[in-house]
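Student: So that we are looking at the same thing, I have put the structure below in structure tokens.
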Amino acid sequence: VQLVESGGGLVQAGGSLRLSCAASGRTFRSWAMGWFRQAPGKEREFVATISRSGARTYYADSMKGRFTISRDNAKNTVYLQMNSLKPEDTAVYYCAADGSIYGSSRLSEYDYWGQGTQVTVSS
């Protein structure tokens with residue numbers, strides 16, 4: 001599975017961005033998907049995950065109510081809608097594919113990763 005993220009950029013605090021992650025291959029619906037992020041000098045951290053069908057989602061506490069993960073299995077794409085952005089959301093955002101049904105918050109559970117897209121939130 002090859003994953004390509006897009007949609008990052010520079011936005012002011014309080015603004016919104018929608019990230020996309022396009023997957024290659026015809027087995028997209030066989031993978032739970034996740035979003036992670038990594039800020040300079042920090043470890044990569046979990047943002048959100050979505051089950052294979054899209055029926056179940058799970059978020060890191062700091063993202064609940066602001067971020068929404070979704071997927072379109074017909075388009076082989078997973079999205080991350082980010083609202084009310086804060087300067088501390090500045091990071092490289094990665095999507096990843098996990099072979100489990102429901103997804104995971106653990107980095108080690110993911111088999112494939114995209115190259116990342118930069119999100120910068122100015123104050």
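The values are calculated or read from the model by the stated rules, or taken from the named source; none is laboratory data. These numbers come from a predicted model, not from an experiment. Virtual Cβ from ideal backbone geometry, glycine too; neighbours counted across all protein chains shown. Please note that ligands, DNA and RNA were not included when accessible areas were found on the heavy atoms of the full protein model with its side chains. Shrake-Rupley method; radii C 1.70, N 1.55, O 1.52, S 1.80 Å.
Student: Open to solvent by less than 40 Å² (accessible area, probe 1.4 Å) and closer than 17 Å to S16 by Cβ: which single residue out of I50, I69 fits that description?
Tutor: One residue alone meets the criteria, I69.
Student: Counting just the residues of the range 75-97 that are of a type in the set (D, E, K, R) and assigned to a loop (DSSP other than H, G, I, E, B), which one comes out farthest from S6 (Cα to Cα)?
Tutor: Across the range 75-97, the extreme among qualifying residues is K86.
Student: Among the listed residues G14, G41, G25, which satisfies the condition of being in a loop (DSSP other than H, G, I, E, B) and free of Cβ contacts under 8 Å to residues at least 24 places away in the same chain?
Tutor: Selected residue: G41, the only one of G14, G41, G25 that is in a loop (DSSP other than H, G, I, E, B) and free of Cβ contacts under 8 Å to residues at least 24 places away in the same chain.
Student: Return the only residue of S70, S104, S100, S53 being part of a loop (DSSP other than H, G, I, E, B) and either closer than 24 Å to L10 by Cα or in contact with a Gly (Cβ under 9 Å, 6 or more places away or on another chain) (or both). Even if it seems obvious, please write down each step before you answer.
Tutor: Numbers: S70 fails: part of a loop (DSSP other than H, G, I, E, B); S100 fails: either closer than 24 Å to L10 by Cα or in contact with a Gly (Cβ under 9 Å, 6 or more places away or on another chain) (or both); S53 fails: either closer than 24 Å to L10 by Cα or in contact with a Gly (Cβ under 9 Å, 6 or more places away or on another chain) (or both).
Sole residue among the options that is part of a loop (DSSP other than H, G, I, E, B) and either closer than 24 Å to L10 by Cα or in contact with a Gly (Cβ under 9 Å, 6 or more places away or on another chain) (or both): S104.
Student: With touching a Leu at 6+ places or on another chain (Cβ under 8 Å), modelled with pLDDT of 95 or more and within 18 Å of D111 (Cβ to Cβ) as the only criterion, which of F36, F67 stands out?
Tutor: F36
Student: Just one of the numbered conditions (1) over 19 Å from T120 (Cα atoms); (2) among the hydrophobic types (A, V, I, L, M, F, W, C); (3) open to solvent by 50 Å² or more (accessible area, probe 1.4 Å) is not true of L10; which one?
Tutor: The number of the failed condition is (1).
Student: Before we move on, is V4 part of a strand (DSSP E or B) and within 16 Å of T90 (Cβ to Cβ)?
Tutor: Judged against the criteria, V4 is not a match.
Student: Sort through A55, A60 and tell me the only one that's touching a strand residue (DSSP E or B) at 6+ places or on another chain (Cβ under 8 Å), of a type in the set (A, V, I, L, M), surrounded by fewer than 19 Cβ atoms within 10 Å (Cβ to Cβ) and free of Cβ contacts under 8 Å to residues at least 60 places away in the same chain. Explain how you work it out, then say what you get.
Tutor: On the way: A55 fails: touching a strand residue (DSSP E or B) at 6+ places or on another chain (Cβ under 8 Å).
Being touching a strand residue (DSSP E or B) at 6+ places or on another chain (Cβ under 8 Å), of a type in the set (A, V, I, L, M), surrounded by fewer than 19 Cβ atoms within 10 Å (Cβ to Cβ) and free of Cβ contacts under 8 Å to residues at least 60 places away in the same chain holds for just one of A55, A60, which is A60.
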